[in-house]
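Structure, as structure tokens:
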Amino acid sequence: MQRHKKANSRHKEQQRSINNNVISFKLFYEKNKPLGLIETITFEDLGPVEAKIDSGNGAYNVLHGLNIAEDNGHITFDTINNKSLKKKLEEYIDINIGSGNIEKRPVVKFDIEIGDKKYPGTKFSIGDREANEYKILVGKEFIEQLGGLIDVSAENNLD
């Protein structure tokens, strides 16, 4: 009988622990809502644009740009939504684009919004993404700022 009471007590304790963990996870999930694989980013300069979330991209976020030119500490380029932009050059980074090929890309800052949160001065490298479905790629560092969770079956989770 004593053994049965101990086992029953241990089972109730385990059940309480499981319930607390489920509640904790639910609160964590609600507080740290995961990103969808595709999220809408609103750029002050470009308006809302769909972006692909890519945890395999260890570099900066990438924005599609062509006809890139540097002039007096600024970069001009043609980009999405038929826009031509001029932005202050922050730096250059080397990107391994595969097969040992290195591409030197300019980096600029944008004020962006995702869901109801604003992220001023977010860094984006500018590169040719003409062949890609999504003209914006969100990289690992910024994903961590957004909470680091990704639900690959979802889109626009943060709207």
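The values are calculated or read from the model by the stated rules, or taken from the named source; none is laboratory data. Since the model is a prediction, treat every value here as computed from it, not as a measurement. We place every Cβ from the backbone using ideal geometry, glycine too, and count neighbours over all the protein chains shown.
Of all residues in region 118-135, which are free of Cβ contacts under 8 Å to residues at least 24 places away in the same chain and basic (Lys, Arg)?
Residue satisfying the conditions is Lys118 alone.
Does Asn57 satisfy the condition of being farther than 14 Å from Arg105 by Cα and either surrounded by 14 or more Cβ atoms within 10 Å (Cβ to Cβ) or among the hydrophobic types (A, V, I, L, M, F, W, C) (or both)?
For Asn57, the condition - farther than 14 Å from Arg105 by Cα and either surrounded by 14 or more Cβ atoms within 10 Å (Cβ to Cβ) or among the hydrophobic types (A, V, I, L, M, F, W, C) (or both) - is met.
Could you grab me the full set of residues in region 29-86 that are hydroxyl-bearing (Ser, Thr, Tyr), more than 19 Å from Glu130 (Cβ to Cβ) and assigned to a strand (DSSP E or B)?
Thr40, Thr42
Only one of (1) at pLDDT below 90; (2) hydrophobic (A, V, I, L, M, F, W, C); (3) in a strand (DSSP E or B); (4) within 17 Å of Thr40 (Cβ to Cβ) fails for Phe110. Which number is that?
With (1) at pLDDT below 90; (2) hydrophobic (A, V, I, L, M, F, W, C); (3) in a strand (DSSP E or B); (4) within 17 Å of Thr40 (Cβ to Cβ) applied to Phe110, the lone miss is (1).
So Ile95 clears everything in (1) surrounded by 10 or more Cβ atoms within 10 Å (Cβ to Cβ); (2) over 20 Å from Glu130 (Cβ atoms); (3) modelled with pLDDT under 90; (4) in the same structural domain as Asp116 (by TED's automatic domain parsing) except one condition, right? Which one?
(2) is the only condition that Ile95 fails.
Of a type in the set (A, V, I, L, M, F, W, C), outside any strand (DSSP E or B) and closer than 16 Å to Ala51 by Cβ: is that true of Ile143 in this structure?
Taking the combined requirement at face value, the residue satisfies it.
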